[in-house]
Amino acid sequence: MTKRSLRDLPPEALDGRRALVRVDFNVPLKDGHVTDETRIRAALPTIKYLRDKGARVILLSHLGRPKGPDPTLSLRQIVRDVERILGTPVEFIPDPASGAAATRQLPRGGVALVENTRFWPGEEANDARLAATLAALGDFYVDDAFGSAHRAHASTAAVAQLLKPAVAGFLMEKELRYLGDALQHPGRPFVAVLGGAKISGKIDVIEALLPRVDEILIGGAMASTFLLAIGFQVGGSLVERDKEDVAKALIARAGAKLILPRGAVVAPSLARAAEQREVPSDRVPADCAIFDIDGATRLDFRARIVKAKTVFWNGPMGVFETPPFDAGTRAVADALVEAGKRGAVTVVGGGDSAAAVAGLEDKFTHVSTGGGASLEFLEGKPLPGVTALEDA
Ligand code: ADP
Ligand code: MG
């Protein structure tokens with residue numbers, strides 16, 4: 001179902017109006033400074049557009065998982081960074097209950113940031129009273145927090161019932177377009193590449209993708225559980241022995257669609273990377289662990305990826321945080337970029353996968369900022385923050 005977007009509101013109707021914008025500024029902090037601005041930058045198109053049209057912009061976000069007011073998780077800490085990134089002063093509203101006057105005093109194009117929504121108990125309870133307090137801060141609602149859309153919270157769901165129009169911001173719109181339409185009606189071949197630490201948590205994604213994809217390439221530690229399921233030994237690799245049966249069932253259902261790594265880069269431990277070597281998947285030594293896909297697998301995956309017209313990738317192929325075990329992940333990223341140059345739609349989802357391609361975002365059709373929300377959306381689960389928005 002397509003959702004009404006900010007683009008669908010007549011621009012002249014935005015002038016002077018207060019836009020209550022739910023963003024995902026749940027950014028990593030160190031010593032009170034933002035260490036990764038990606039999520040703030042991702043909301044820029046929506047914020048800029050609203051300011052250009054003369055709206056007063058009131059930003060709402062959560063930060064971390066506070067159990068009530070907690071200075072270490074106050075959004076006040078990021079005001080300076082947001083001001084720098086937006087290039088404009090940002091008014092801080094410490095309490096939404098007494099903030100409405102401040103929102104009316106904002107100049108046209110002015111920006112305010114409300115304190116961490118999770119400081120109030122009603123947020124996670126999706127409480128209608130907190131939603132009413134939040135709704136009083138704006139004249140209409142824009143949801144640009146795709147990463148929070150899988151949670152029915154007062155600032156993502158209940159508020160959208162009270163404050164209309166309730167529309168998708170540009171980031172939300174893009175996420176829905178590429179994770180929704182593009183993967184529901186894919187150009188073919190449609191190849192999914194899945195990796196990362198575990199199959200648990202991704203079983204539903206695999207099941208949802210299987211009927212839709214032409215091939216599903218498995219890497220990362222997730223592959224080890226599949227290798228175990230076909231009777232190979234995986235030494236000291238990260239593996240979920242209790243998921244062996246699940247892996248067996250998926251292999252049976254997938255038939256020829258499921259492609260496992262031909263070989264692995266192994267080492268006695270992460271610290272002993274100097275002793276790394278490549279082995280075929282059925283020759284993993286008992287005293288070693290798999291830390292990456294090997295060269296043969298990189299070539300095999302690349303050949304399949306560059307032929308695709310739609311590629312979805314979630315989960316690193318190895319322990320990409322610890323070079324040299326980032327090589328397989330890089331090879332897959334390169335292959336997606338090449339597929340894109342040949343006309344494919346390339347979509348990257350997942351927190352660690354997005355981190356692995358940081359700085360290269362422009363080379364893909366879409367890099368989802370959604371993390372858990374992207375996976376739930378792919379599974380076909382309705383996201384409360386999306387459902388709450390008006391249909392187009
Ligand atoms: P995403 O956040 O993109 O969904 P995951 O959280 O599922 O990805 O997985 C990312 C983690 O998987 C990374 O920390 C990476 O080090 C780990 N990982 C990938 N391959 C391996 C492996 N062979 N052994 C151990 N950890 C791995
Ligand atoms: Mg992760």
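The values are calculated or read from the model by the stated rules, or taken from the named source; none is laboratory data. Please read all numbers here as calculations on a predicted model, not as lab measurements. Virtual Cβ from ideal backbone geometry, glycine too; neighbours counted across all protein chains shown. When the accessible area is computed, the model is the full protein with side chains, heavy atoms only, and any ligands, DNA or RNA have been set aside. Shrake-Rupley method; radii C 1.70, N 1.55, O 1.52, S 1.80 Å.
A search for C-beta distances below 7 Å between a residue of the range 202-230 that is free of Cβ contacts under 8 Å to residues at least 24 places away in the same chain and any residue that is within 14 Å of ligand 1 (Cβ to nearest atom), counting only pairs 6+ apart in sequence or on different chains, returns Leu228/Val234; Leu228/Val239.
Cβ separations smaller than 7 Å between residues 6+ apart or across chains give the following pairs from the range 98-119 residues that are under 17 Å from Ala131 (Cα atoms) and modelled with pLDDT of 95 or more to residues that are hydroxyl-bearing (Ser, Thr, Tyr) and in a helix (DSSP H, G or I): Thr117/Ser155.
Those helices (runs of 4 or more DSSP H) of the range 187-257 in which at least 2 residues are out of contact with any helix residue (DSSP H, G or I) (no Cβ under 7 Å at 6 or more places or on another chain) and open to solvent by 60 Å² or more (accessible area, probe 1.4 Å), considering only elements entirely within it, cover 203-209, 244-254. Checking the stated criteria, Leu270 turns out to be away from ligand 2 (no atom under 16 Å from the Cβ), assigned to a loop (DSSP other than H, G, I, E, B), at pLDDT 95 or above and under 18 Å from Ala197 (Cα atoms). For the range 345-354, filtered to residues that are modelled with pLDDT of 90 or more and open to solvent by 40 Å² or more (accessible area, probe 1.4 Å), the residue that is farthest from Tyr178 (Cα to Cα) is Asp352. Just to be sure I understand the filter: pairs with C-beta atoms under 9 Å, separated by 6 or more residues or on different chains, first member in the range 234-260 and within 16 Å of ligand 2 (Cβ to nearest atom), second member assigned to a loop (DSSP other than H, G, I, E, B) and of a type in the set (S, T, N, Q). Which pairs pass? Here the result reads Glu240/Ser200, each pair linking the range 234-260 to a residue that is assigned to a loop (DSSP other than H, G, I, E, B) and of a type in the set (S, T, N, Q). Residue selection: Ala128 fails the criterion of being surrounded by 22 or more Cβ atoms within 10 Å (Cβ to Cβ) and of a type outside the set (Ser, Thr, Tyr). Counting only helices (runs of 4 or more DSSP H) wholly contained in the range 1-105, the ones carrying 3 or more residues that are in contact with a strand residue (DSSP E or B) (Cβ under 7 Å, 6 or more places away or on another chain) occupy 44-52, 79-86.
Can you tell me which residue among Gly201, Gly180 is of a type outside the set (Ser, Thr, Tyr) and within 16 Å of ligand 2 (Cβ to nearest atom)?
It is Gly201.
It is to be established whether one or more residues within the range 309-329 are more than 14 Å from ligand 1 (Cβ to nearest atom) and among the aliphatic types (A, V, I, L, M). Yes, there is a match, as at least one residue in the range 309-329 is more than 14 Å from ligand 1 (Cβ to nearest atom) and among the aliphatic types (A, V, I, L, M). Residues in the range 20-52 that are open to solvent by 10 Å² or more (accessible area, probe 1.4 Å), among the basic types (Lys, Arg) and in contact with an Asp or Glu (Cβ under 6 Å, 6 or more places away or on another chain): Arg39 only.
If the condition is being away from ligand 1 (no atom under 13 Å from the Cβ) and either in a loop (DSSP other than H, G, I, E, B) or touching a residue at least 40 places away in the same chain (Cβ under 8 Å) (or both), then the range 345-360 contributes Val345, Gly359, Leu360. Here Val159 does not qualify as in contact (Cβ under 8 Å) with a residue 24 or more places away in the chain, more than 29 Å from His33 (Cα to Cα), outside any helix (DSSP H, G or I) and not acidic (Asp, Glu). Out of the residues in the range 365-381 that are open to solvent by 10 Å² or more (accessible area, probe 1.4 Å), hydrophobic (A, V, I, L, M, F, W, C) and within 10 Å of the chain's Cα centre (by Cα), state the one that is nearest to ligand 1 (Cβ to nearest atom). Filtering first and then ranking leaves Leu375. Among the residues of the range 290-319, the one identified as among the hydrophobic types (A, V, I, L, M, F, W, C), in contact (Cβ under 8 Å) with a residue 12 or more places away in the chain and surrounded by fewer than 17 Cβ atoms within 10 Å (Cβ to Cβ) is Ala296.
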